[in-house]
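Bear in mind that the values in this text are calculations on the coordinates, not laboratory data. Worth saying up front: this structure is predicted, and the values here are computed from it rather than measured. Glycine also receives a Cβ, built like all others from the backbone with ideal geometry; neighbour counts cover every protein chain displayed.
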Amino acid sequence: MSSDVQEEDFQVGRTSETGQSEGTKWAEEYIDTSELGDYLYNPPNSKAFKTMILGIFFARFLPQQGTKVVHQSPPGCIVSEPGVDKPRFFDFETMAEYIIPRQAFCNRYVAVCDPDNKYRILGHPVCIKDEKYERNEFMFNFCIVIAVDTDKAPYEAVVRRLAKTFTEMEIQNQFLSLEGGSNSQDRRSIAALLEIIKEDLNNYNECMIPVDDANTINMKLFPYYTHPPPVKAWHVPISKMKFSEIMDDTWDLTMTKVIAQIDGIKDVRRIAHDADVALDLTKIALQHLLYYDSILMVDMFLFGNIYAPTPNISDFVSDKDGMQDECANYVYINGPRLDNYYLCRLFTSLCTSRTLKEWLKLHMDQGFPVLNSVDVRRFIQFGVIKGLIYRVHKFAVSSQYLASLVTGQSAKIEGGDMLQKYTDGCHCFDQITVEKNMGDVKIMDQLRKFPKGDVEIIYR
């Protein structure tokens, strides 16, 4: 939706000369921010790394029999075993050509899904050429089985390490090809190794297993994190863990100074100012914390913000997983606790055409003094983190400026010296507020200096 710039703006939260927004200043005075509550340290979307290797097996190519599974854990997961009555993950015969493939695919990482697309098999088939073997080559593969929807990235290093370790042991003393021979009494069996590897990686994310006097299997699983999105100066970081319990004197000084300023209220620019750290270094430090999923980013809290419910609001109304009590424990501040009905009423009354200030006035006119019972900042944060509501941003669009961008001819617009570069529809008001140290009212005053009818305000 859009509105002409001439319409009366109903925003609050101007930024003072010190760089502190009035909405933020109010929040600090009204709310004790020394403890944000256990909820933020245990958010619902935390990417806890849980290893789940469903199965592991050792297969080799036998000249007279073809590709065969020699050992597997758990028993019967890949091929049937006597005395084991359990369904197999998949039909091994249909997958055999991918487990021990043609030589062009050997000595490299291979990932393949079963025909039903339920499981993913990760392997690194190896072909060792030597005249001592029948057909002058020995082919084998140690494979890991995971669910098809499990991220395979952390397991690639493990599969490669298995292939490399057992290749070296085979070259040393034919550990695999002579299994069961007279020289294998003083070492662990491959079947026992597979069981220990699977259990240790699933339970501890690492394993250190002595094989014989000369060899040890050392592996560790590391979670794979995607590259975090860019950190903007107008974002507000919120801690997802209690840094005070894990920080020590060896931490980077810049990181320590930045973390000390994270309180769920300050935006990135203000954190940099209060920590006496350059803005670029502050962004890098926060991006590191984002990478390790230690913080999350939300928008600045101002009473001129607009929020609207998402389809997930139905989960809150139906009290899925006790969400209403969780919210109540997090947002109520004074006096007796109100019925959960009021929380549903507050969330569902948010809409795209109403600022938080108008939303508060609406409920106060109806006899519900929200500020006396509910911490509004926490209420909004809870809704955003849970995905119950989303922020509706404001963007300024100048027709003349867009036309100049299309033609490639830069031309100054009358009255637009200060904000012209922000009127391409790609810069939200939060960015203008932080970079120009202006509140919504001043921004609107500057936009009114553009030619009449040239600027529209877009809400999205």
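Brief remarks follow.
- Selection from PHE379, TYR342, GLY408, by position along the positive dipole direction of segment 334-460 (Cβ): TYR342
- Segment 55-220: C-alpha gyration tensor shape, a/c 1.5 cut-off, then a/b vs b/c: rounded
- Fewest-first ranking of HIS235, HIS273, using other Cβ atoms within 10 Å as the exposure measure: HIS273, HIS235
- On Cα atoms only, tilt of 190-204 relative to the major axis of the chain in degrees: 10
- Stokes-Einstein D for the chain, Kirkwood Rh over Cα pairs, 10 °C, 1.306 mPa s (µm²/s): 59
- Residue among MET255, LEU279, PHE243 farthest towards the positive dipole end of segment 236-286, charges placed on Cβ: LEU279
- Among HIS288, HIS124, the ranking by other beta carbons within 10 Å of each residue's beta carbon, starting with the fewest, stands as HIS288, HIS124.
- Point-charge dipole on Cβ atoms (K/R +1, D/E -1) for the chain, about Cα centre, debye to 20: 780
- Total charge dipole magnitude, segment 200-266, about the Cα centre, Cβ charges on Lys, Arg, Asp, Glu only, Debye to nearest 20: 660
- Low-density loop positions, GluC sites (Glu not before Pro), segment 120-223 - DSSP coil, at most 12 other Cβ in 10 Å: GLU131
- Exposure proxy order (Cβ contacts within 10 Å, fewest to most) of MET300, MET418: MET418, MET300
- Sequence-separation-based contact order of the chain, relative, with Cα cut under 8 Å and 6+ spacing, percent: 18
- Helix 279-291 vs. the chain, principal-axis angle (Cα, 0 to 90°, nearest 10): 50
- Those lysines that a straight Cα-Cα span of less than 19 Å connects to LYS436, excepting residues fewer than 8 apart in one chain: LYS25, LYS232, LYS266, LYS283, LYS394, LYS412, LYS421, LYS449
- Restricting attention to segment 55-220, lysine pairs at least eight places apart or on different chains and with alpha-carbon atoms under 17 angstrom apart total 7.
- From helices alone, the chain scores -10000 deg cm²/dmol at 222 nm; the rule is -39500 (n - 2.57) for each run of n ≥ 4 DSSP H residues, then divide by the residue total.
- For segment 308-379: rounded, prolate or oblate by the Cα gyration tensor [a/c cutoff 1.5]: oblate
- The chain: Cys lacking any partner C-beta under 4.7 angstrom: CYS77, CYS113, CYS143, CYS207, CYS327, CYS344, CYS351, CYS426, CYS428
- Helix 376-386 and the longest principal axis of the Cα set of the chain meet at an angle near 30°.
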